[in-house]
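Colleague: Just passing along the structure, written as structure tokens.
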Amino acid sequence: PPSRRAPPRSVMAAISDASRHLEVEFGDIHEQNLEQLKKLNLAIFPVRYNQKFYKNMLNTPNEFTQFAYWNGFVVGAICCRLEPPSGPGPKKLYIMTIGVLAAYRRRNIGRALLEKVLENIKEYPEDIVQVYLHVQTNNDSALDFYKAFGFEITETIQNYYKRIEPPDCHVLSKAVTSKGAGSNPDPAII
């Protein structure tokens, strides 16, 4: 009878990696599906978000708040807030949350959500020069994830979080260029 040898490890690793990657579709988050986002966030995050969080999210352009769907089911989301400058000048995009249901993690869904937002920035008609977020100082996997996208630690804030340990966070940021780069000239220069 023919020998039934197992495939080499490298072949098995490639098969395993391919089976873990899920292709997702994206969809806007809006008032009609906001309850779905609230339920998703309750399942993913150790904190409850208040109404102000959801109001901020609804006031953000759809390009920066997206659901990830797999087989028609919401499995993740990214929610950002577009922040106006304190004076004349470009805007910043703050990543409020990015999360994926536990059963769907390590399948490149978080990566796809972040890539989608970063791509949308390039086409955005207003001037955006920076994307930033807060990450708990002991969250090494999140730090590695964002560093792989070119984010850098720009600041560490002591006692940022009130109800989780450790309470400290790093601010990670990345310089970006939107389609509208330079469209908000400083009136003092004109």
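The values are calculated or read from the model by the stated rules, or taken from the named source; none is laboratory data. Everything quoted here is computed from the prediction, not taken from an experiment. Backbone-built Cβ (ideal geometry, glycine too); neighbour counts: all protein chains shown. In case anyone asks, the SASA skips ligands and DNA or RNA and just uses the protein heavy atoms, side chains included. Shrake-Rupley method; radii C 1.70, N 1.55, O 1.52, S 1.80 Å.
Colleague: Let me check the size of region 55-190 from its C-alpha atoms; what are the radius of gyration and Dmax in Å?
Modeller: 15.9, 54
Colleague: Run the numbers for Leu118 and His21: contour at 0.36 nm per residue of separation, minus the present Cα-Cα distance, in nm.
Modeller: Fully extending the segment from Leu118 to His21 adds 32.9 nm.
Colleague: Using a Cα-Cα cut-off of under 15 Å, which aspartates and glutamates could be cross-linked to Lys39, ignoring same-chain neighbours fewer than 8 residues away?
Modeller: Within the straight-line cut-off, Lys39 pairs with Glu31.
Colleague: Considering only Gly72, Gly27, Gly180, give the residue with the highest GNM mean-square fluctuation for the chain, with springs between Cα atoms whenever their separation is below 10 Å.
Modeller: Its mean-square fluctuation being the largest, the pick is Gly72.
Colleague: Moving to a separate point now. What 222 nm value per residue comes from the helices of the chain, counting each DSSP H run with n ≥ 4 as -39,500 (n - 2.57) and dividing by all residues, nearest 500 deg cm²/dmol?
Modeller: Value at 222 nm, helices only, nearest 500: -8500 deg cm²/dmol.
Colleague: If you place +1 on the Cβ of every Lys and Arg, -1 on the Cβ of every Asp and Glu, and leave all else neutral, what size is the dipole of the chain about its Cα centre, to the nearest 20 Debye?
Modeller: 820 debye
Colleague: Report the FRET efficiency, 1/(1 + (r/R0)^6), for Asp140 and Ile44, where r is their Cβ-Cβ distance and R0 is 22 Å, rounded to 0.05.
Modeller: Efficiency computed from Cβ-Cβ geometry: 0.75.
Colleague: Now for a separate question. Please state the relative contact order of the chain as a whole percent: Cα pairs under 8 Å, 6+ residues apart?
Modeller: That works out to 18 percent.
Colleague: Also, quick follow-up: Tally up the carbon and sulfur contribution to the accessible surface of region 37-172 as a whole percent, 1.4 Å probe, everything protein left in place.
Modeller: 48 percent
Colleague: Something else: Taking R0 as 41 Å, what FRET efficiency do you get between Thr154 and Asp28 from their Cβ-Cβ distance, rounded to the nearest 0.05?
Modeller: 0.85
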